[in-house]
Each structure stands twice: as C-alpha cells, then as structure tokens.
1. Condition first: aliphatic (A, V, I, L, M) and within 17 Å of Pro56 (Cβ to Cβ). Now tell me which residues in segment 77-94 satisfy that.
2. Only residues that are open to solvent by 50 Å² or more (accessible area, probe 1.4 Å) and in contact (Cβ under 8 Å) with a residue 60 or more places away in the chain: list them for segment 70-96, please.
3. Which residue is farthest from Val82 (Cα to Cα), if the candidates are limited to segment 94-113 and must be among the aliphatic types (A, V, I, L, M) and part of a strand (DSSP E or B)?
Amino acid sequence: MNYSAMAMLLCVLGVSAGCSITDTASDLRGIKGMDGDKLTHINTRNYAINFLMERPMIGDATLNATVQSFADEAKKHGATKVRIVQSDTTVMWYLIPVLGFIFTPVYTNVAGDALLP
C-alpha cells in the first residue's frame, strides 16, 4: 500500500470515528413477529478508534454503547420491547500495518427487532 492511500485511509477513519449509523426496515409486507407483534428491524453500527486495541480514544464502539444506541432508535419508533438477533465487534488491527496496533479502527454491529404495540 502506498503512502498516499494510507494517509487517505487514516483521514477517512478519523472522520468516521465516533459515528453511529442506523438502518431500519419497517415495511415487512404485513409479516408479524413470532408472537404476532408488529415489528421494525433495526441495524445499528458504532465506529471508533481505540488506543492499543483496547481503550476507546475517539468514539465508543463497545457493545454496551452500541446496544444503547440500538435501544434509543427503538424508542424513536415507539417500541416497548426489543429482540436482539445479532451482535458482533470487529477490531481491525490488520488494516494499517504497525500503526494499526497503536491506533486501531473498531466497529460494533447490533441488529434486532423493535416490537411495536
């Protein structure tokens, strides 16, 4: 990887760190949840840069913070209950050789259903 591409990648990661991105799908063509509830599917991602792969430096991509963002989005849609289907955290130490061990890009994804009354 040449130095200009690496510098551009660092700029993009630096700008996007601390972001929370949420996608929702409400039009399920009349399909109900397992208990007959109306639902909205929500997918929330938090991005951050950690120091030495562990400590949040810019943003917070911990599972706890991402679940809180997910719950906030569910409340915006009027949900009284949620069902989390999937969650995962990706630590991208390999993305930028050597520098990735010090300033590590991280993202956490939580996906689930907001059960509407």
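The values are calculated or read from the model by the stated rules, or taken from the named source; none is laboratory data. Note that the structure is a prediction, hence the values are computed from the model and not measured. Ideal geometry is used to build each Cβ from the backbone, glycine not excepted, and the neighbour counts take in all protein chains shown. Side chains included, ligands, DNA and RNA excluded: accessible areas come from the protein's heavy atoms. Shrake-Rupley method; radii C 1.70, N 1.55, O 1.52, S 1.80 Å.
1. If the condition is that a residue be aliphatic (A, V, I, L, M) and within 17 Å of Pro56 (Cβ to Cβ), then Val91, Met92 are the ones that fit.
2. Answer for segment 70-96, where residues must be open to solvent by 50 Å² or more (accessible area, probe 1.4 Å) and in contact (Cβ under 8 Å) with a residue 60 or more places away in the chain: just Leu95.
3. Val106
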